[in-house]
1. Nearest 10 degrees, 0 to 90: what angle lies between the long axis of helix 64-81 and the longest principal axis of the chain (Cα atoms)?
2. Could you run the Karplus curve 6.51 cos²θ - 1.76 cosθ + 1.60 with θ = phi - 60° over segment 116-122 and give me ³J(HN,Hα) per residue in whole Hz, x for Gly and Pro?
3. Using Cα positions and a limit of under 18 Å, work out the aspartates and glutamates in reach of K76, with same-chain residues fewer than 8 apart set aside.
4. Pairs of Cα atoms under 8 Å, at least six residues apart: use those to get the relative contact order of the chain, whole percent.
5. Starting with the fewest neighbours, write out F91, F11 ranked by other beta-carbon atoms found within 10 Å of each beta-carbon.
6. Taking the Cα centre of the chain as origin, sum charge times position over the Cβ atoms of Lys and Arg (+1) and Asp and Glu (-1), and report the length of that vector in debye to the nearest 20.
7. HN-Hα J couplings of segment 4-15 from phi, Karplus 6.51/-1.76/1.60, θ = phi - 60°, integer Hz, Gly and Pro as x?
8. Taking the Cα centroid of segment 65-119 and of segment 1-32, what is the distance between the two, rounded to the nearest whole Å?
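Only the coordinates and a few stated rules stand behind these numbers; no lab work does. In this text the structure is predicted, and so the values were computed from the model without any measurement. When we count neighbours, we look across all protein chains shown, and the Cβ atoms used for this are built from the backbone with ideal geometry, even at glycine.
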Amino acid sequence: MTYIYDNQNIFAKILRGEIPNDTVLETDHALAFRDINAQRPLHVLVIPKGSYVSFDHFAKEASGIEIIGFTRAIGKVCDILGVSIDAGDGFRMIANSGEHGVQEVPHLHVHILGGSSAGRMIQS
Ligand code: DGP
């Protein structure tokens, strides 16, 4: 399987600074910013800086350093938002992938949703 990355996707443009974003955290390997269409009081997207379409793509082809950097950034974002289990009320993390995952933007992103209950895992 070959993953085809479209470098004109909206998150690639955000990474290149062509489109503004409300940054929560930037590290060597990840950028976190508020979702333009927030579904909960706290709704942040965390993306790796590398060109990965989806989580499966990232899991198979990213380097160990990229995977650690991205994962640690997610932990830091949880701390920044105050949703960590150790200090807050928790969160829902979602990584939509491909057609059946109903992924709109083809650059890997995880949604961190908090500030109120995320409800049941799948509604329909
Ligand atoms: P998904 O369906 O998982 O691919 O979700 C894509 C999310 O990206 C969706 O919740 C809306 C958000 N989004 C789309 N365009 C932009 C944008 O230009 N800026 C920001 N901050 N978020 C965006």
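1. For helix 64-81, the angle is close to 30 degrees.
2. For segment 116-122, the Karplus-derived couplings read 7, 4, 7, x, 5, 5, 10 Hz, x marking Gly and Pro.
3. Partners found: D22, E26, D28, D35, E66, D86, D89.
4. So the answer I get is 29 percent.
5. Least to most surrounded, the residues fall as F11, F91.
6. 140
7. For segment 4-15, the Karplus curve yields 10, 9, 8, 6, 9, 5, 4, 6, 5, 5, 5, 4 Hz.
8. 15
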